[in-house]
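Asks: Once you've had a glance at the structure underneath, I'll fire off some questions.
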Protein chains: 2
Amino acid sequence: MAQWFYEDQTEYTRIGMQVRELLHEERTPYQTIKIFDTVEYGRILVLDDVIQVTQHDEFVYHEMLTHVPLHTISNPEAVLVVGGGDGGMVREVSKHDTIKRVVLAEIDEAVIRRSIEFLPSISCALQDNPKLEICVGDAVDYVRKSVEEFDLIIVDSSDPVGIGEGLFSKDFYRNVYKALKPGGMVSVQGESPWLHRPLVKRICNDLKSIFPIGKMYCGNIPTYPSGVMAFPIGSKDADPAVPLRPALPGLKYYSSEIHKSAFVLPLHLQPEQMEDAEVNFFASWETLNRIKENETI
Amino acid sequence: MAQWFYEDQTEYTRIGMQVRELLHEERTPYQTIKIFDTVEYGRILVLDDVIQVTQHDEFVYHEMLTHVPLHTISNPEAVLVVGGGDGGMVREVSKHDTIKRVVLAEIDEAVIRRSIEFLPSISCALQDNPKLEICVGDAVDYVRKSVEEFDLIIVDSSDPVGIGEGLFSKDFYRNVYKALKPGGMVSVQGESPWLHRPLVKRICNDLKSIFPIGKMYCGNIPTYPSGVMAFPIGSKDADPAVPLRPALPGLKYYSSEIHKSAFVLPLHLQPEQMEDAEVNFFASWETLNRIKENETI
């Protein structure tokens with residue numbers, strides 16, 4: 001009898017994957033970590049029953065959150081990765097020769113340790129990386145204390161419930177702005193533009209109210225809800241939709257053409273239609289609205 | 001206790017939707033039709049346990065398979081929809097003023113009848129449509145007998161197992177070529193470029209070997225496997241990536257910008273990487289290869 005792992009992507013929608021083996025399970029002070037070996041997507045990292053990365057499609061997520069801003073900032077030298085304990089963002093950021101310093105601010109040390117142990121293709125740049133500083137602790141605090149220190153901040157958070165919640169607040173984005181150098185950018189894991197639209201709209205609007213330039217682009221990641229993820233981006237100066245340099249060689253998703261086309265949003269995701277609650281209404285929006293009413297952020 | 005509908009998207013991957021009600025179930029001479037009312041995606045049409053359309057995301061599929069070719073052909077007048085008994089393609093095609101004739105070749109009359117009964121927002125153009133001819137029968141035969149009759153043939157088939165199988169063969173595409181007028185095009189439901197890659201490659205290669213121009217574009221449809229669908233397209237003359245006219249007003253996904261960017265494929269889907277079986281290998285490819293070896297088409 002085959003074993004299956006199911007994730008409730010919303011209250012009403014699920015994804016299921018056939019599992020070869022549960023490789024690891026651990027309750028940390030912050031969350032429950034599970035690492036499965038699945039038949040279709042390879043090894044997957046699951047935090048509090050939500051898929052964070054899979055071996056077979058993680059490259060889209062990591063390439064798009066890093067290389068879009070890094071090909072647009074004139075001379076990126078210092079990058080802060082918020083969350084991202086699996087190391088995928090550090091791996092991609094470290095491919096850029098201009099980078100001198102990468103800080104990883106991850107609250108849960110066990111995520112880093114278990115990713116090194118079980119997900120070597122993702123975590124490979126977490127060890128023997130002279131550019132890397134690992135800060136185990138609350139990224140909200142870390143960002144609050146930083147002033148004009150980074151060219152890029154990547155918000156590689158889990159969902160806005162539990163420990164990830166503070167990483168979706170307007171106060172946090174204000175501190176991100178302050179922590180960025182002139183010309184800096186922030187790129188954000190922005191959930192599904194179909195199923196989490198009220199949240200996506202809020203992130204975009206918050207960024208636009210704080211940064212001179214706020215935009216959104218998308219990427220196709222099969223194991224995230226709706227198969228597409230929104231990446232809100234805030235910029236102090238340059239237009240993040242326009243790459244300044246040829247694409248790094250050896251990537252699997254990102255190219256200069258993909259960079260530009262990722263900002264071309266279908267009509268139903270354009271700001272004017274995003275404001276219209278009647279367009280493609282999903283039942284899970286109600287759930288999100290309930291979360292919003294109860295939230296303290 | 002909530003009811004759930006599950007689709008096996010591959011042998012190893014499932015999607016689940018919470019169901020309010022099974023509205024209809026019927027065994028026809030060709031397949032089993034089920035129509036559910038789901039909480040998240042509205043009403044869904046399921047043939048032999050595979051989701052064909054959902055009320056909430058069908059617009060992407062139907063707009064992209066029709067409006068991309070119809071904005072590229074100089075004066076489209078006659079269109080053949082192969083399959084497509086739910087009426088979504090007919091609805092979109094009928095929006096173009098130049099269209100004088102739409103033929104719907106659907107093998108299973110019950111799909112048409114039940115779509116009219118249960119899916120009115122999709123099937124609305126199947127009734128009182130003076131441009132429409134409905135031919136209940138085998139589209140393979142219909143196409144074989146047609147010579148330079150259509151400006152566009154849309155292959156809106158189910159999956160390449162059972163009754164849909166003949167619609168994926170090279171012989172069929174040869175007959176499609178013959179059935180198209182000079183300047184004509186064919187657009188094809190091409191499955192998932194992640195999970196069904198051997199099949200997608202075969203369709204693209206077959207079209208390229210028959211048509212002067214063969215390309216592929218994509219669209220984001222949450223309820224199809226991997227959240228993205230490949231649309232292979234063959235053209236006798238014009239470049240299908242270049243729209244000739246401003247976009248029709250009132251659409252929900254398609255715009256001139258989306259038209260162009262839909263042809264910008266991420267690196268892992270570009271032909272040279274598609275040929276490399278080592279790039280993003282999925283276990284379900286093996287299953288597809290087994291099907292391929294046993295196939296008679």
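Asks: Amide H neighbours of A:GLY184 under 5 Å, counting only residues 5+ apart in sequence or on other chains, H built in-plane at 1.01 Å?
Replies: A:LYS236
Asks: I would also like to ask the following. So what is the calculated 222 nm ellipticity per residue for chain A, using -39500 (n - 2.57) for each DSSP H run with n of 4 or more, over all residues, to the nearest 500 deg cm²/dmol?
Replies: -8000 deg cm²/dmol
Asks: Still on this structure, please answer the following. For A:ILE134, list long-range residues whose amide hydrogen, built 1.01 Å from N in the peptide plane, is under 5 Å from its own amide hydrogen.
Replies: Here A:LEU104 satisfy the definition.
Asks: Here's something else I'd like to know. If you add up the charges near B:VAL93, with Lys and Arg at +1 and Asp and Glu at -1, over every other residue whose beta carbon is less than 13 angstrom from its beta carbon, what do you get? It would help to have the intermediate numbers written out before the result.
Replies: On the way: positive: B:ARG91, B:LYS95, B:LYS100, B:ARG101, B:LYS131; negative: B:GLU63, B:GLU77, B:GLU92, B:ASP97, B:GLU133, B:ASP151, B:ASP156.
With Lys, Arg at +1 and Asp, Glu at -1, the net is -2.
Asks: Using alpha carbons only, how many angstrom separate the centre of the range B:178-248 from the centre of the range A:177-226?
Replies: Here the answer is 31 Å between Cα centres.
Asks: When Rg is the radius of gyration of the Cα atoms in the protein assembly as shown and Rh is its Kirkwood radius, what does Rg/Rh come to? Each step should come with its number before you reach the end.
Replies: Working: Rg = 24.1 Å, Rh = 24.8 Å.
Reported Rg/Rh, Kirkwood definition of Rh: 0.97.
Asks: Out of every Cα pair in the range A:68-214, what percent are spaced more than 25 Å from each other?
Replies: Looking at the range A:68-214, the distances longer than 25 Å represent 25 percent of pairs.
Asks: Pop out the ³J(HN,Hα) list for the range A:183-188 in order, Karplus 6.51 cos²θ - 1.76 cosθ + 1.60 with θ = phi - 60°, rounded to Hz; leave Gly and Pro as x.
Replies: Each residue of the range A:183-188 in turn: x, x, 9, 10, 10, 10 Hz.
Asks: Now a separate question. Using the number of other C-beta atoms within 10 angstrom as an exposure proxy, rank A:PHE282, A:PHE5 with the fewest first.
Replies: Result, fewest neighbours first: A:PHE5, A:PHE282.
Asks: So, one more: Sort the following peptides by mean Cβ neighbour count (other Cβ atoms within 10 Å, averaged over residues), highest first: A:13-22, B:38-47.
Replies: B:38-47, A:13-22
Asks: Rounded to whole Hz and in sequence order, give me ³J(HN,Hα) for the range A:262-270 from the Karplus expression 6.51 cos²θ - 1.76 cosθ + 1.60, θ = phi - 60°, writing x for Gly and Pro.
Replies: 5, 8, 7, 8, x, 3, 5, 10, 6
Asks: Would you kindly work out, in nm and rounded to one decimal, the distances from the label point of B:VAL136 to those of the same position in each other copy, ordered shortest first, with label points 7 Å along Cα-to-Cβ?
Replies: 6.9
Asks: Would you mind giving the mean number of other chain beta-carbons within 10 Å of the Cβ of each residue in A:263-273, as a whole number?
Replies: On the way: counts 2, 9, 5, 15, 11, 6, 3, 1, 0, 0, 1.
Mean partner-chain Cβ count within 10 Å for A:263-273: 5.
Asks: Using θ = phi - 60° and the Karplus relation 6.51 cos²θ - 1.76 cosθ + 1.60, list the HN-Hα couplings for the range B:134-142 in order, rounded to whole Hz, with x at every Gly or Pro.
Replies: After applying 6.51 cos²θ - 1.76 cosθ + 1.60, I find 9, 10, 7, x, 6, 5, 4, 5, 4 Hz.
Asks: So what are the range A:1-154's ellipsoid semi-axes, whole angstrom, largest first, if each one is the square root of 5 times an eigenvalue of the alpha-carbon gyration tensor?
Replies: On the way: eigenvalues 170, 54, 42 Å².
Semi-axis lengths for the range A:1-154 are 29, 16, 14 Å.
Asks: If you take each beta carbon of peptide B:53-62 and count the beta carbons of other chains within 10 angstrom, what is the mean?
Replies: Details: counts 0, 0, 1, 5, 5, 0, 5, 4, 0, 0.
Neighbouring Cβ atoms belonging to other protein chains average 2 per residue here.
Asks: Measuring from a point 7 Å out along Cα→Cβ, what nm distances, shortest first, does B:ASP48 have to its partners in the other copies?
Replies: Between copies, matching label points for B:ASP48 lie 4.3 nm apart.
Asks: Amide H neighbours of B:ARG43 under 5 Å, at least 5 residues apart or on other chains, H built in the peptide plane: list them.
Replies: B:THR38, B:GLN55
Asks: Inside 10 Å of the C-beta atoms of A:223-236, what's the mean count of C-beta atoms belonging to other chains?
Replies: Details: counts 4, 1, 2, 6, 12, 5, 1, 0, 0, 0, 0, 0, 0, 0.
The per-residue average across the peptide is 2.
Asks: Same structure again: Determine the percent antiparallel among the DSSP beta bridges restricted to the protein assembly as shown, to the nearest 5. Walk me through the intermediate numbers first.
Replies: Numbers: 73 of 113 bridges.
Roughly 65 percent of the beta bridges in the protein assembly as shown run antiparallel, per DSSP.
Read-outs throughout are calculated quantities, based only on the coordinates presented, and are distinct from any laboratory measurement. Everything numeric in this text was worked out from a predicted model, so none of it was measured. Positions of Cβ are generated from backbone atoms using ideal geometry, with glycine treated the same way; all protein chains shown enter the neighbour counts.
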